[in-house]
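Just so you know, all these numbers are worked out from the coordinates, no wet-lab data involved. Just so you know, these numbers come straight off a predicted model, no measurement behind them. With ideal geometry, Cβ positions are generated from the backbone for all residues, glycine too; neighbour counts draw on all protein chains shown.
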There are 2 protein chains.
Amino acid sequence: MPSGGPEIEQLIQLLARLPGLGPRSARRAVLHLIKKKEQLMLPLSAALDRAVAAVRTCEVCGNVDTMSPCSICADPRRGETGILIVVEDVADLWALERAGVGQVRYHVLGGVLSPLDGVGPDDLNLDGLIGRAQDYAEIVLAMNATVEGQTTAHYITDRLAGTGIRVTRLAHGVPVGGELDYLDEGTLSQALRARTEI
Amino acid sequence: MPSGGPEIEQLIQLLARLPGLGPRSARRAVLHLIKKKEQLMLPLSAALDRAVAAVRTCEVCGNVDTMSPCSICADPRRGETGILIVVEDVADLWALERAGVGQVRYHVLGGVLSPLDGVGPDDLNLDGLIGRAQDYAEIVLAMNATVEGQTTAHYITDRLAGTGIRVTRLAHGVPVGGELDYLDEGTLSQALRARTEI
């Protein structure tokens, strides 16, 4: 028998589905929200409504923003360096932006090739990448240092072979098996500066 | 420079204020919400709106519910055992309900006496407790086994002295220094069954 009525129980169940929260921490979060109704619950409700209405996926790069093309794709200074960084996920794009890697553009694949999970080239935003690549002088492959990430990097390198576009990868410094989003900003920054020819 | 626009940034900052979430896990939670817009973000937004509109504090016991008096106070079977359990917090009430302690009623103090933090008797829902106590045969003091919790239990015992109401406390079994909300249901159930006279 749930405490507090169906509205509270449903809120707990939905919050428990967020990464990093389980049923117990979701209950604590909901009680915290109810205690701080004016300072936290109402603003969070309003912020969620605004985000639901405003958030969209950038049709150019796959970033998440409130406009499409996103603010990075729409910024002409971002195109001047001619560098396009290919990442698996929006979280990786955000991690690189936090590291302050400079005036670059991004391409979000939305995953990596993984035959075992049934993820093939058609499931990723790869055609979009091939279409954009010729507008850039250099493509930096910034996939995670996992088997799938490196397989995906090889696949992209093959697809871009013969186009004359410089294809690089992040410098070693990314720990093998690690994920970009968990790295500290200094390591990420260094890994981009020491990028090497594939 | 935040990624994703002010709506997303504000949502991250608000979620990061929930217990158990920090800035990094809040970012992951927001990305997860955006990816699962239809299945999770929209339902969560709606559930939060409904909870904001529906949730209120029970004027009798201090519980959180969608009605006041709450469903526990409104249930006549809950009064028949004549047992009123005094807890610090709504989380403790929920923990006891999950333990299935039976047809009892509750009184939520909203904290504990803590002179160092400037929390005195007037800051807690103590007058409400003294007013209700005479309707019950037994008051079970279920404060956390901390110094402040036990100080508060002594204070309430003193206030109820001479009324003839039986005042008990939870059995030892609650680990010293521990908090109710983190205990397993079996321990909580046993602790209530073996409650002893103060």
Report summary line: Once amide hydrogens are built 1.01 Å from N within the peptide plane, the residues lying 5 or more places from A:Val119 or on another chain with amide H under 5 Å from its amide H are A:Ser114
Report summary line: The chain A residue whose Cβ lies closest to the rotation axis carrying chain A onto chain B, with that distance rounded to whole Å, is A:Leu48, 3
Query - Pseudo-label separations to other copies for B:His154 - Cα-to-Cβ vector, 7 Å, nm - result: 7.2
Report summary line: Spelling it out for A:His107: with amide H atoms placed in the peptide plane at 1.01 Å from N, the residues 5 or more places away or on another chain with amide H under 5 Å from its amide H are A:Ile85, A:Val86, A:Val87
Requested in this report: Among DSSP beta bridges lying fully in chain B, give the percent that are antiparallel, nearest 5.
Outcome: 30
Report summary line: So, in nm and shortest first, the distances from A:Asp122 to its counterparts in the other copies, with label points 7 Å along Cα→Cβ, work out as 7.4
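Suppose we keep just the DSSP beta bridges with both residues in the protein assembly as shown; what percent of those would be antiparallel, to 5?
About 30 percent, rounded to the nearest 5.
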Query raised in the report: How many angstrom lie between the C-alpha centres of the range A:118-177 and the range A:26-74?
Result: 30
Query raised in the report: How much mean residue ellipticity at 222 nm does chain A get from its helices, if each DSSP H run of length 4 or more adds -39500 (n - 2.57) and you divide by all residues, to the nearest 500 deg cm²/dmol?
Result: -12500 deg cm²/dmol
Requested in this report: For A:Met67, list long-range residues whose amide hydrogen, built 1.01 Å from N in the peptide plane, is under 5 Å from its own amide hydrogen.
Outcome: A:Arg56
Query raised in the report: Once phi is turned into ³J(HN,Hα) by the Karplus curve 6.51 cos²θ - 1.76 cosθ + 1.60 with θ = phi - 60°, what whole-Hz value does each residue of the range B:105-114 show in order, with x for glycine and proline?
Result: 10, 10, 9, 9, 6, x, x, 9, 5, 8
Requested in this report: Convert each backbone phi in the range B:72-79 into a coupling constant with the Karplus relation 6.51 cos²θ - 1.76 cosθ + 1.60 (shift: θ = phi - 60°), then list the ³J(HN,Hα) values in order as whole Hz, x for Gly and Pro.
Outcome: 6, 5, 7, 8, x, 4, 5, x
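So what's the convex hull volume per residue for the Cα atoms of the protein assembly as shown, in Å³?
It comes to 164 Å³ per residue, whole-number rounded.
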Query raised in the report: Distances from B:Ala54 to the same residue in each other copy, label points 7 Å out along Cα→Cβ, in nm, shortest first?
Result: 2.9
